[in-house]
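Taken together, the values in this text are just the output of simple stated rules run on the coordinates, not laboratory data. Quantities reported herein were computed from a predicted structural model and do not represent experimental measurements. Here Cβ is always computed from backbone atoms with ideal geometry, including for glycine, and neighbour counts include all displayed protein chains.
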């Protein structure tokens, strides 16, 4: 990792540590400090800072709007965890389990308000487009979460619908992160849009990689249980693709495993993984990931911007593509 | 009611009807349309329009920011109803009962985002102070709701704490509504602050009137069950005042009723009401309401603004004070 990347990481961590959401009543603000302390890749604010760095050098000035996307992202996690009844987040107890559901609802609400407060620290002359694009993106993230919940009750989800769901739920916010850097640097709408498109493609690849790692990660390197999505019958890219391409015994076996109420978890994971193996699902998914990453990085490569920061950004995206957790 | 008040009402209704929060997926947007269709006094956007009218004549231009406070208010109702497990809102099934809790959480989140979208339609030159003051107010409303939930588990809530809770939960948004009209008219910070103070005092009186009507409303005119707060042992101004002033048998009887697990609802309501009567709680509450209304209206009376709209606004506040539901 190069020196300038490390300086962006330091800026993000310093910015998050300096962020004081509020104080009283403690039930409202402690969960916000808690969820932000659980770490994570800080992918989104890093993208904002690097994107801004493509055009301007003084990224410390935009640290508050940059961390607003991380605060927004963690707000969505806090509310999603209630909806998914998730007990753990990044290996720690979720807010609604550690406190209760009402506190997780209300703390999340305040977190969304605080994300806007941080975004409002954008330079006044760029405030309106910055907020307008944020509003569109934030609503899309909610639409994606609603689609994801709707998919739980459906058996006929298509690859096209799935890709639209992850575009909304995950990719558009990564797109907005790259776009935000350009918005804050005062770049023209065309440049901002290019960065958004690059980020959205990278976000698609990022989510497909998440689906893939759930099945094929090295359990010693992966932070959570390998096969969690398989046990939950979660409609991932891998499962939808397998359901579409499987035939004969392979299809019957897959459907059988999805229906089973009682089973040995390890047995289910290895059975479905071997169906995926036989159908080449790993390669098919990797091909899709590569295609999205290429689309995203090509846009960046063709841009006339600071070459050193561009290199840092492309190297970061490359590491995301090769990540093991 | 005068003609100009009716024109404000028409503008608000037209603005709310013209507001399209979104479309797909329907599970996300139908609840927003539903809760906004249930009516209500539309108090907050009416205050925004009248406050703006004190300074400028073209209130149609600010209809979107004006209805943003109504959208925000209804977002808080949607989430509060989940937290309070309320089955009914304005006599209709609540969103989390008609759909489910997850949909009520997520629809509420989108509603908050849409409230910001509407507020962003403020004139660009006034955008930053408008959003900044909104962020402060919105967080305060959540703090008030958290305090209210905390009070449920406490027996020693003081009048001072109760007044601080309703200031945050209810009064500051009514204060912001009057302030917003002045912000959108480009008035100076001093004028904006005066209107906020006027609105906050009126909001305090408004909430105390709510507490009073729950016990003393004419059941034929009141929209919901008279005595609902009494049956729920809700810590209202009336109950806290009664607990503080009651002595001897009266205090013992009040505490006894609060502890009882099984009782005839009508009997409990009439027993506690007659304790309130003996302690003069109705007069004490009415005195407090009048004092807040006077503080609020005096600020308005001393302002050098359009006399005709001022008259309309003061008449509206006067009707709020004398309301029967």
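Would you tell me the mean number of C-beta atoms belonging to other protein chains that fall within 10 Å of each C-beta in A:53-64, as a whole number?
Working: counts 0, 0, 0, 0, 0, 0, 0, 0, 0, 0, 0, 0.
So the per-residue partner count for this stretch is 0.
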Subject >> Inter-chain Cβ neighbour average for residues B:146-152, partner chain, 10 Å >> reply: 4
Subject >> Normalised alpha carbon radius of gyration of the stretch B:244-287 [divisor 2.2 N^0.38 Å] >> reply: 1.19
**OP:** Using Cα centres only, tell me the gap between the stretch B:243-265 and the stretch A:279-325 in whole Å.
**Re:** 69
**OP:** Please give the FRET efficiency for residue A:252 paired with residue A:295, using the beta carbon to beta carbon distance and R0 = 22 Å, rounded to the nearest 0.05.
**Re:** 0.05
Original post:
So, in nm, how far is label residue B:88 from label residue A:224 when the simple model puts each one 7 Å beyond its Cα toward the Cβ?
Top reply: 4.2
**OP:** Can you tell me the 0 to 90 degree angle between the C-alpha axis of helix A:127-152 and the longest principal axis of chain A, rounded to 10?
**Re:** 10
Original post:
In percent, what relative contact order does the stretch A:3-321 have, based on Cα pairs under 8 Å that are 6 or more apart in sequence?
Top reply: 19
**OP:** Express the relative contact order of the stretch A:209-325 as a whole percentage, based on alpha carbon pairs under 8 Å and six or more residues apart in sequence.
**Re:** 33
**OP:** Report, to the nearest 10°, how far helix A:307-321 tilts away from the longest principal axis of the Cα atoms in chain A, using its own Cα long axis and a range of 0 to 90°.
**Re:** 20
**OP:** For chain A, set up a Gaussian network in which alpha carbons nearer than 10 Å are linked by springs, and say which option among A:125, A:169, A:114 fluctuates the most.
**Re:** A:125
Subject >> Span per principal axis, largest first, for the Cα atoms of the protein assembly as shown (Å) >> reply: 81, 57, 41
**OP:** For the stretch A:36-154, evaluate the Debye formula with one uniform point scatterer on each Cα (no solvent term) and list log10 I(q)/I(0) at q = 0.18 Å⁻¹, rounded to two decimals.
**Re:** -1.01
Subject >> Exercise: per-residue mean of other protein chain Cβ atoms within 10 Å, A:128-137 >> reply: 3
Subject >> Of B:180, B:258, B:163, the one that fluctuates the most in a GNM where chain B has Cα springs shorter than 10 Å >> reply: B:258
**OP:** Specify the angular offset, from 0 to 90 degrees and rounded to the nearest 10, of the alpha carbon long axis of helix B:281-301 from the longest principal axis of the alpha carbons in chain B.
**Re:** 20
Subject >> Rg and Dmax of the stretch A:3-321, Cα atoms only, in Å >> reply: 20.3, 63
Original post:
Distance in nm between label sites at residue B:17 and residue B:325, each 7 Å beyond Cα in the beta-carbon direction?
Top reply: 2.1
Original post:
Could you give the semi-axes, largest first, of the ellipsoid that matches the stretch A:115-179, computed as the square roots of 5 times the alpha carbon gyration tensor eigenvalues and rounded to whole Å?
Top reply: 30, 11, 7
**OP:** Using only the Cα atoms of the stretch A:192-262, each taken as one equal point scatterer with no solvent, compute I(q) by the Debye sum, divide by I(0), and report log10 of the ratio at q = 0.16, 0.18, 0.24 Å⁻¹.
**Re:** -0.70, -0.81, -1.07
Original post:
When the convex hull of the C-alpha atoms of the stretch B:1-75 is computed, what volume per residue in Å³ does it have?
Top reply: 82
Original post:
Based on DSSP H runs of at least 4 residues, each adding -39500 (n - 2.57), what is the mean residue ellipticity at 222 nm of chain B after dividing by all its residues, to the nearest 500 deg cm²/dmol?
Top reply: -23500 deg cm²/dmol
Subject >> Residue order, fewest to most surrounding Cβ atoms within 10 angstrom, among B:250, A:107 >> reply: B:250, A:107
Subject >> For the stretch B:118-180: relative contact order, % (alpha-carbon pairs under 8 angstrom, 6 or more apart) >> reply: 40
Original post:
Along its principal axes, what span do the Cα atoms of the stretch A:203-243 show, with the longest given first and each in whole Å?
Top reply: 28, 25, 12
Original post:
In angstroms, what radius of gyration and Dmax does the stretch A:47-110 have, counting Cα atoms only?
Top reply: 15.4, 44
**OP:** Taking each pair of different alpha-carbon atoms in the stretch B:144-189 once, compute 1/r for the pair, average those values, and report the inverse of that mean as the Kirkwood hydrodynamic radius in Å to one decimal.
**Re:** 12.1
**OP:** Quick one: among A:300, A:238, A:279, which has the greatest mean-square fluctuation in a GNM of chain A with alpha-carbon springs under 10 angstrom?
**Re:** A:279
Subject >> Approximate spin-label separation residue A:233-residue A:193, in nm, with each point projected 7 Å along Cα-to-Cβ >> reply: 4.3
**OP:** At 20 °C and 1.002 mPa s, grab the translational diffusion coefficient of the stretch B:135-235 from Stokes-Einstein with a Kirkwood Rh over Cα pairs, rounded to a whole number in µm² per second.
**Re:** 144
Subject >> Cα centroid separation - the stretch B:1-74 against the stretch B:180-240, whole Å >> reply: 19
**OP:** Please compute P(r) over all alpha-carbon pairs of the stretch A:158-298, binned at 10 Å starting from zero, and give each bin as a whole-number percent.
**Re:** 12, 36, 29, 15, 7, 2
Original post:
Between copies, how close do the residue A:38 label points come, placed 7 Å along Cα→Cβ, listed in nm from shortest?
Top reply: 3.1
